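See below for the structure under consideration.
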Amino acid sequence: MPRFSYIASDEQNNVKKGTTELADRSSVINALSKQKLRPISIRQLKEKKTSIDFNHLFEPTKVKGDQLVSFTRQLSAMVGAGVPLLRSLSSLEKHAEDAALKKILGTVVKDVEGGMTLGDSMAKHPITFNDIYVNMVRAGESAGILDDILKRLAAQLEKSAAIRKKIKSAMAYPMVLIFITVVAFFGLMLFVIPQIGKILLDLGGADAKLPGITLFMLGISGIITNYWYIIFPAIGGFIFFIARYVKTKRGRRQFHNLLLKIPGINTIIKKIAIARFARTFSALMGAGVAVLESLDVTSRAVGNVMYEEAIKSAGIEVKNGKSLSSVVESNELFPPIVSQMLGVGEETGQTDTVLIKVADFYEEEVDLAIQSISSIIEPVMIVVMGGMVGLIAASVMTPIAQLSQNIE
């Protein structure tokens, strides 16, 4: 963010000097005008090249979710109690426990002191305050209901955090099983199977005829043992390439489209996206944000590119005069209940209230779907691990049985 130094005069022609960090010169002029100051001189300061401060490398840069919720609720309570905004922010900044939040609030306090709105100041920290947060704060400031909007935001953040925690906790055990299975497979192929193969050849001699299953396992083990320095870097490079490709615009779209076609997973993805759409759009509409702007912000919050494109297309249709319920009804990504509830909301003028019910319903559906898929994955992974161990046992026991018959 560029820095500007300014010289301005007030209504009594007293000269004021200072510096500020804003996007451009016009933003500085607007900020001075809000303070009833007439700009005399505005000059952009050159950034000084300084040595690297290694202390800042270890400072936390991301605010914890629970800390952000706590800050939002406390600010709502203080503003609702009639405490001036600047005093509320200064108090919260002074008593903030999270180092990253404390640093950000220090910047926000300076910006608000300089005449910037709270929403514009928070927009300078997109990692902490996303588009939804900023737009709702701006709407609350313009409508004079900032305390109520902050309460809505806190509830929204808590709901989103709860869904993320449930997904992570449900997938933790299956991921551990997958990790153990992979490690056990390579461990057996590298260290156990070669030794067993050597013992079998020693017992049966060089001309011993081993069963096909044993030869197959020894072949895989031989490839991994002899070419591990090629296989492991290749696997790592493939995973790295996929991870990088998924972060590109094209790769992200293909990956999200693939998720919507995988049986079992697609159901959860759709329900999560619809729950996010309903809750976010409801919160923005309830805050007084315009429909088109609400759709634009909501499209970036659903977490799936296919739904993002569908919501943006819906915004274009709404701009052309169509109702949102009719547009959603014609899109297969949205189940019929969403368009029906939207239609009821449009008729009664309570779209935000109706969509809250939709969000609650689909969040409960997400919980049930996650529990069901988790209960399926766990036994499947146990069967896979058991099958792997059984295959290795068969490849070992079969030739031993044959050798014992030959000895007899």
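All of the numbers you see were taken from the coordinates with simple rules; none came from a lab. On a predicted model such as this, the values are computed, not experimentally measured, just so you know. Note that each Cβ is placed from the backbone with ideal geometry, even for glycine, and that neighbours are counted across all protein chains shown.
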When you take every Cα atom in region 197-286, what is the radius of gyration, and what is Dmax, the widest Cα pair distance, in Å?
24.6, 81
Total charge of the residues flanking Thr117 in space, meaning their Cβ is under 10 Å from its Cβ, with Lys and Arg +1 and Asp and Glu -1, is -1
Which of Phe240, Phe129, Phe186 has the fewest other C-beta atoms within 10 Å, and how do the rest follow up to the most?
Phe240, Phe186, Phe129
The farthest towards the positive end of the charge dipole of the chain, of the residues Ser70, Ser330, Thr267, given +1 on Cβ of Lys and Arg and -1 on Cβ of Asp and Glu, is Ser70
Three-way shape call for region 61-129 based on the alpha-carbon gyration tensor, with the a/c threshold at 1.5:
oblate
Size of electric dipole in region 156-408: Cβ of Lys, Arg +1 and of Asp, Glu -1, about Cα centre, debye, nearest 20:
740
With Cβ to Cβ distances under 15 Å as the rule, what net charge do the other residues near Glu11 carry (K, R +1; D, E -1)?
+3
Surrounding charge for Gly288, neighbours by C-beta under 15 angstrom, Lys/Arg +1, Asp/Glu -1, total -2
How compact and how long is the chain, expressed as Rg and Dmax of its alpha-carbon atoms in Å?
30.4, 115
Per-residue ellipticity at 222 nm attributable to helices in the chain (runs of n ≥ 4 DSSP H, -39500 (n - 2.57) apiece, nearest 500 deg cm²/dmol) works out to -24000 deg cm²/dmol
When a/c is below 1.5 the answer is rounded, else prolate if a/b is larger than b/c, else oblate, so apply that to region 274-390 with a ≥ b ≥ c taken from the square roots of the Cα gyration tensor eigenvalues.
prolate
Tell me which DSSP H helices of the chain clear both cut-offs, 20 Å or more of axial length from alpha-carbon atoms and a mean Kyte-Doolittle hydropathy of at least -0.5.
65-80, 99-113, 146-187, 212-226, 228-247, 265-286, 305-319, 351-407
Quick one: grab the alpha carbon gyration tensor of region 124-227, order the square roots of its eigenvalues as a ≥ b ≥ c, and give me rounded if a/c is under 1.5, else prolate or oblate depending on whether a/b is larger than b/c.
prolate
Going down the table (Lys165/Lys261; Lys151/Lys322; Lys103/Lys124), which pairs top 21 Å between alpha carbons?
Lys165/Lys261; Lys151/Lys322
Once both labels are modelled 7 Å past Cα along the beta-carbon direction, what's the Lys110-Leu391 spacing in nm?
6.1
Taking the chain as a Gaussian network, Cα atoms linked when under 10 Å apart, which of Phe255, Phe334, Phe191 shows the biggest mean-square fluctuation?
Phe191
